[in-house]
Amino acid sequence: MEELLQRVAEIRGMPASLVKRSAQARADKIGTTLEAVLREWAGDADAGEPASAQPEATEPLSDAPAPPAAPAAPAAPPAKVTTDSLVQLAADAKRMPPKLILSSATARAEHSESTIDEVLADWAGVDLDELRAAADAAPASPEPAAEPEPATAAPPEQDSASAPTSAKEEEPEAAPEVDVIEASAPEADTPSEEAKETPGARSGYPRWLAAAFVLIPLLAIIYILLTPSGPDCGNAGQLLVDPTTGQTVNCDGSAFGLVQADFFAEGEILYVQCAACHSADGSGGAGPAFTGGALLAVFPAGSCAEQIEWTQLGTAGWPDPTYGATNKPVGGFGLMPGFGGRLTDEQVAAVSLFNRVEFGGQPLEQAEIDCGLVGGAATEAASS
Amino acid sequence: MAGKYVLVATFLFVLGLVTTTLAALQLVLPDLLSGTAYTTYGRLAPAGRALLASGWLTLAGLGLSFYVLSQITGQELRRKRLAMTALVLIAFGVFATAGALIGGLSSGIPGQEGPIWTRAISAIGYLAASLVITAMAKQRADRLGAAGWYITAASWWLTASALFGLIPLMSGIPGSIQAAFVYAGTNRLFAVSLAVGLLYFAFSKISGVDPTEPRPLAALGFWSLTLVWAFMGGVELIYSASPDWYETLTIAFAIAAFVPLLAIVMDLGLMLKGRTASIPDRATLRYGVVAGLALATATIVNFLAAWRATSGAVQYSTWTTGLETLIVLGGGSFAIFAANSVRRGGRASGSSFHFSWSLIGVAGASVAFLAGGAVSGFSWIAGPSSQLFPNYGPGYEIAVASLAPFLWVAAISLVLYSIAQVGYLLRIRTTSSELLEVSEAPIEYDLQFEGAVRYLTWRRLVWGATAVWVAAALFTAILPMMDNTSTASSLTADRFRTYEAGTLELQGREIYISEGCAECHSQSVRPIVTDVGLGAVSVAGDYAHEDPALVTGMRFGPDLMRVASREGFDPSFVRSHLIDPRSARPWSIMPSYSYLSEADIDAIVSYIETLR
């Protein structure tokens, strides 16, 4: 066990105590033993099975309770040599925030016509080729990017004397900024190349912030597109202005304060309840048809009141054996439910009006009088 | 030099607070000192605003900018003589503005009430101060850090906007929009970015972060803040006769203002994250946090005031006053307190007394203004929609009565705030410039690393800041002039609202301006429920012959756009109402204008008769 620990520490180039702590954290997280984790890190094949489950297990970044404690991460030898891992190594070597290292390296690389990786490796004090060879030789982890995770998972609030102390002091400050770069990169008016090349997202930085930076301007643009010339009448308290008098009026042009009821429209909405039996176009179904003069034959002009009563009572409540001008037998066609309990008198009148106008072909003004909904019934809200 | 600036600014601060508090008290005690022309509300209120915003905020801000830059660059202040000239010019300009306003020489332009020559003096002073700041900043051009960007850009925006304000206005609505742009530049863009710059400096000092450290989130915050606040002037013109596209633009940028809010709050938060407990300089920390909160609240209030659904339901007078309080006395003053606390080593005695009383004062005043605006706004809606009472004449009693308790709270809060400042000034003894030791070792950044300078180079700062300002000017000041619909005169304008030289009406209009009637009376009928019954909805053409148009959003008193064409209008009532407002309407909060001569009253009445 101790020997294993030493081996891992050597491979990873980090203090044994830190390795142990990281491994313990990993082990607790994925529910395996410390030894199994260490074996896996040491590259022992025989302890491979918990390792294969790892990448998924370590995914939930939110589990890491701590500020993204990158300090330990840089020391971990990357399974694959990426710019990210080199940045971490260089950052550790120079004891500077990774962000600065990367941006500096980018600039240096441009000037010296070498690659960023070379510059970083130089700063980290490692041989790039050697590192690459070592990485190739190491057993390939299913998801190399997840490799630095064990160190991140180590609870940094535990004091560890062996952890590089200066780095520990710096990192809580510097680490959030690493994430910050990514969030601002797509939005910043000064898109800096180095920002785009920053290592992948780490925990501790609220993801919603990046989303907000995109969403908010988007909302503003949507607002401009939707209301280029102010809101429509009725929106946001906006009223219509009569162009001749300049007075504010209701959206339908009536004087302000007058409530214009549109019974036909109301009836159209209420007809949905009738459409199950009489069909949406009034051609009938379980119930009789309204179209083709059928409705006005039963309830001719002047008898809307009877139609209203029939609708309210239905077959069960109708007192006589027949109904309508044609003396249709009650229940002859089927059961008509009574709507009196469900709809108000006015609503029944409105749906009757709709039936008569839409399917019976009665003129609107005549039907309105017929059904007792006089002249669009402009009722003055404030007259009382 | 920073000390001299702050000293003069403090003097203006006290003067401005006395004036503003007196004006606030006059809203609840209308007979307070209303016997003379020099102490009438309409003159005191704009004078107080000028002293606080252009005097205190600007001078203290510029002075502390010198200090911040000398800290950032590690150099002594350069061009001291020019800095001294700037101080003299700005201070003189502000005094002259306040004096002119109290003496009755108002220009009538909202936000730039001072006569053009006093504003010109100040503007030249701003220019001189900006040159000093630039000379300082250039020494470390590419490594200024967030504080440096904000401060440098803010001074130039102030200068550019103030100079632009000297260009004679267009008449009518385009002029109002132009004025709104200048106002946005001086009282919003400058005030907010200055406050944020000082906060960046104060927070980095107390937390041991290098203020010149390149912070990407700060760059995002900087550019988005400047972009949105440069377009913010039109909030008071929402629903007015200004072009719809202009209002839409204002609202869109009010929405977008949440980007800088989030970026800056997050960035400043990251500076302090995990180390608040170990910061020795508690005074600066407290001031800074309150300033940040005030600016965050201001962003939200600004959005609500611009968003049509809410703007139609609140009383603008109190909301614009509340917003102004939040930005100038909240964000601005507290950021100055924070930066000044750093300058004085964070150990001035009496700062906790000062802090708590100032906080209570600012919070009380702004909350009272905002809540009062909402309450009386709903009373405005209730009247017309129930058709029980209109929002003018005797019906205005409801609005006045519902607002009164809030105005009391606001006035008392302002008194508390003023007492805190005076008490603080009397107790200041220590002038140690030694900084309290920061317990944590400051982070060392090796500035030899080339990439560090890229977030904001000097070139980007100069060109970007110029571009933002020019774009704002183009969209919110130049473009409205080309909009035909807002320049062609209407029948009303040609027939009634035309003021020939030498007429009694023009004379009356001049008195209306000099006495600051527009401080309480808007001239704008909007197409929303609150304004039903006030007459025909205003169109841009109605103001075509007025320079400046007296639109405003202020309605401590009822709107006067069509007062003469309303039912029951009686010129003789106007006359008696001006002399003794509480004889017929005991609830009125209008000051008495008995100090005006008979001829002046005649002139005002004949002007009022043209408002049809």
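The values are calculated or read from the model by the stated rules, or taken from the named source; none is laboratory data. What you see is a predicted model, and the numbers here were worked out from it, not measured in a lab. So basically every Cβ, Gly included, is an ideal-geometry build from the backbone, and we count neighbours across all protein chains shown.
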Checked the stretch A:222-251 for anything outside any loop (DSSP other than H, G, I, E, B), of a type in the set (Val, Ile, Thr) and more than 7 Å from chain B (Cβ to nearest Cβ); matches are A:Ile222, A:Val249
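Can you tell me which residues in the stretch B:185-217 are outside any helix (DSSP H, G or I) and surrounded by 24 or more Cβ atoms within 10 Å (Cβ to Cβ)?
Correct list: B:Pro214, B:Arg215.
So that you can scan it fast, the table gives a plain yes or no per residue for (1) surrounded by fewer than 24 Cβ atoms within 10 Å (Cβ to Cβ); (2) away from chain A (no Cβ under 14 Å); (3) part of a helix (DSSP H, G or I); (4) in contact (Cβ under 8 Å) with a residue 60 or more places away in the chain:
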residue	(1), (2), (3), (4)
B:Gly269	yes, no, yes, no
B:Gly274	yes, no, no, no
B:Pro280	yes, yes, no, yes
B:Val289	yes, yes, yes, no
B:Ala294	no, yes, yes, yes
B:Leu304	yes, no, yes, no
B:Trp319	no, yes, yes, no
B:Glu324	yes, yes, yes, yes
Determine which single condition A:Leu335 fails, assuming it passes every other condition in (1) loosely packed, with under 14 Cβ neighbours inside 10 Å; (2) modelled with pLDDT of 85 or more; (3) not aromatic (Phe, Trp, Tyr).
-> (2)
Given (1) in contact with a helix residue (DSSP H, G or I) (Cβ under 6 Å, 6 or more places away or on another chain); (2) modelled with pLDDT under 95; (3) surrounded by fewer than 24 Cβ atoms within 10 Å (Cβ to Cβ), where does B:Ala147 come up short, assuming only one miss?
-> (3)
All conditions in (1) under 30 Å from B:Ser171 (Cα atoms); (2) in contact with a Phe, Trp or Tyr (Cβ under 6 Å, 6 or more places away or on another chain); (3) not basic (Lys, Arg) are true of B:Gly93 except (2)
Could you identify the single residue in B:Phe334, B:Phe369, B:Phe389 that is farther than 28 Å from B:Tyr150 by Cα, aromatic (Phe, Trp, Tyr) and part of a helix (DSSP H, G or I)?
-> B:Phe369
Is the stretch B:471-490 home to any residue that is over 22 Å from B:Gln112 (Cβ atoms) and touching a His at 6+ places or on another chain (Cβ under 9 Å)?
-> yes
Conditions (1) over 22 Å from B:Ile513 (Cβ atoms); (2) out of contact with any Ser or Thr (no Cβ under 7 Å at 6 or more places or on another chain); (3) among the β-branched types (Val, Ile, Thr): number failed by B:Thr20 = (1)
Surrounded by 24 or more Cβ atoms within 10 Å (Cβ to Cβ), within 11 Å of chain A (Cβ to nearest Cβ) and among the β-branched types (Val, Ile, Thr) - does that describe any residue in the stretch B:218-231?
-> yes
Count - residues of the stretch B:517-542 that are assigned to a helix (DSSP H, G or I), crowded, with 24+ Cβ neighbours inside 10 Å and within 11 Å of another protein chain (Cβ to nearest Cβ) | 3
In the stretch A:193-221, residue modelled with the highest pLDDT [restricted to those that are under 26 Å from A:Ala105 (Cβ atoms) and assigned to a helix (DSSP H, G or I)] = A:Ala210
How many residues does the stretch A:202-221 contain that are at the interface with another protein chain (Cβ under 9 Å from one of its Cβ atoms) and surrounded by fewer than 16 Cβ atoms within 10 Å (Cβ to Cβ)?
-> 3
Single unsatisfied condition, A:Cys277 versus (1) among the hydrophobic types (A, V, I, L, M, F, W, C); (2) part of a loop (DSSP other than H, G, I, E, B); (3) surrounded by 15 or more Cβ atoms within 10 Å (Cβ to Cβ); (4) more than 10 Å from chain B (Cβ to nearest Cβ) | (2)
